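The values are calculated or read from the model by the stated rules, or taken from the named source; none is laboratory data. Being a predicted model, the structure only gives us computed values, none of them experimental. Cβ sites come from the backbone with ideal geometry, for glycine too, and all protein chains shown count toward neighbours. Ligands, DNA and RNA are stripped out before the accessible areas are found, and what is left, the full protein with its side chains, is counted by its heavy atoms. Shrake-Rupley method; radii C 1.70, N 1.55, O 1.52, S 1.80 Å.
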Amino acid sequence: MKKVSYIGNDETTIFYFSFPYYEKSNIVVTVNGAAASGVEVVGNPGGINADFPFIGGHIAFDNAPGDADVITISRVLPLSRVVDYQQMVQIDPKTLNMDMNYIKQVLDDLNEELDEIQETTDTDKLNEVKQKIDAINERLDGLNNATASIGGINGIAPQINNLIQNPHYTVPDYSHGENKNWNTEYTATQNGILVFCAWCNGNGTGIHAIVNGTTLYQTANGSSMGPGWTGGSHEAYIGGNLPISVGDTYKLCGGSNHQKLTFFPYK
């Protein structure tokens with residue numbers, strides 16, 4: 001637990017601390033071991049790119065503590081989940097970084113508390129707990145070190161933005177195309193694009209695609225075509241491409257002959 005103590009002199013009302021914290025409720029002030037009243041917490045904002053919302057600050061008493069009173073300022077972080085990540089929602093790197101730091105700070109505080117009580121408690125059991133906490137801290141440090149080349153977890157943000165603005169990963173790799181069978185359902189194992197064409201004559205079956213159970217590009221048998229189609233009332237031709245993501249099921253159907261379907265993965 002991060003804390004600092006002062007001795008009152010019946011005059012001083014402001015006392016400073018330097019440890020980081022997340023919200024004012026994390027700061028607990030006691031006078032002679034009892035919860036203090038008439039005291040305000042004033043934090044120093046960490047700044048836009050800081051790992052913590054507040055870096056130190058001070059407390060201000062309405063009335064100065066008495067001579068020889070012991071004033072203690074402590075940080076108490078509740079052992080609770082800070083962020084509830086949703087599976088289908090993009091993770092914000094800054095939020096992830098703050099969440100990781102919160103976990104690490106809680107573990108550091110637990111380590112310090114264990115040090116304080118180790119002499120009066122079961123030493124073997126406490127050492128076992130400390131080893132587990134140290135192992136978790138080591139894992140967190142390893143993750144931070146692994147991302148050091150991109151400026152830590154926060155450094156991921158500009159790279160994500162660059163991918164969004166410059167989506168080079170959507171360029172098809174035409175040198176590794178895979179020919180697929182018409183009228184056969186597949187499940188994509190890579191992101192890529194389907195390049196296809198087909199022709200039907202007479203009153204042939206309407207050409208269409210089925211992606212994840214949804215019918216696309218449907219035409220009536222022997223009818224004139226809609227957008228992207230050419231041909232008269234007794235023959236139809238479709239040609240184009242269709243982006244596919246990992247896990248998508250896809251199937252191109254219909255047509256009498258001359259069907260062609262190729263899947264090209266993205267680079």
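The table for this structure:
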{"quantity": "Filter result for the condition that a residue is open to solvent by 50 Å² or more (accessible area, probe 1.4 Å), over 17 Å from Tyr102 (Cβ atoms) and over 38 Å from the mean Cα position of the chain (by Cα), over Val31, Val70", "calculated": "Val70"}
{"quantity": "Close pairs (7 angstrom Cβ cut-off, 6 or more residues apart or separate chains): within 24 Å of Asp134 (Cα to Cα) and part of a loop (DSSP other than H, G, I, E, B) in region 85-104, open to solvent by 20 Å² or more (accessible area, probe 1.4 Å) and at pLDDT 70 or above anywhere", "calculated": "none"}
{"quantity": "Meets criteria (surrounded by 15 or more Cβ atoms within 10 Å (Cβ to Cβ), more than 15 Å from the chain's Cα centre (by Cα) and modelled with pLDDT of 70 or more) for Ile48", "calculated": "no"}
{"quantity": "Output for region 1-16, where each listed residue is over 12 Å from Ile71 (Cα atoms) and either among the small types (Gly, Ala, Ser) or buried (at least 17 other Cβ atoms within 10 Å of the Cβ) (or both)", "calculated": "Lys2"}
{"quantity": "Selection count where residues are surrounded by 15 or more Cβ atoms within 10 Å (Cβ to Cβ), modelled with pLDDT under 90 and under 24 Å from Gly213 (Cβ atoms), scope region 156-193", "calculated": "4"}
{"quantity": "Arg75 vs. criteria buried (at least 18 other Cβ atoms within 10 Å of the Cβ) and modelled with pLDDT under 95", "calculated": "yes"}
{"quantity": "Positions within region 4-28 being part of a loop (DSSP other than H, G, I, E, B), under 35 Å from the mean Cα position of the chain (by Cα) and among the hydroxyl-bearing types (Ser, Thr, Tyr), in sequence order", "calculated": "Tyr22"}
{"quantity": "Residue check, Ile55 within 21 Å of Met100 (Cβ to Cβ), modelled with pLDDT of 90 or more and open to solvent by 70 Å² or more (accessible area, probe 1.4 Å)", "calculated": "yes"}
{"quantity": "Of residues in region 38-64 being part of a loop (DSSP other than H, G, I, E, B) and touching a strand residue (DSSP E or B) at 6+ places or on another chain (Cβ under 9 Å), the one nearest to Pro20 (Cα to Cα)", "calculated": "Phe52"}
{"quantity": "Gly247 at pLDDT below 65 and either outside any strand (DSSP E or B) or open to solvent by 70 Å² or more (accessible area, probe 1.4 Å) (or both)", "calculated": "no"}
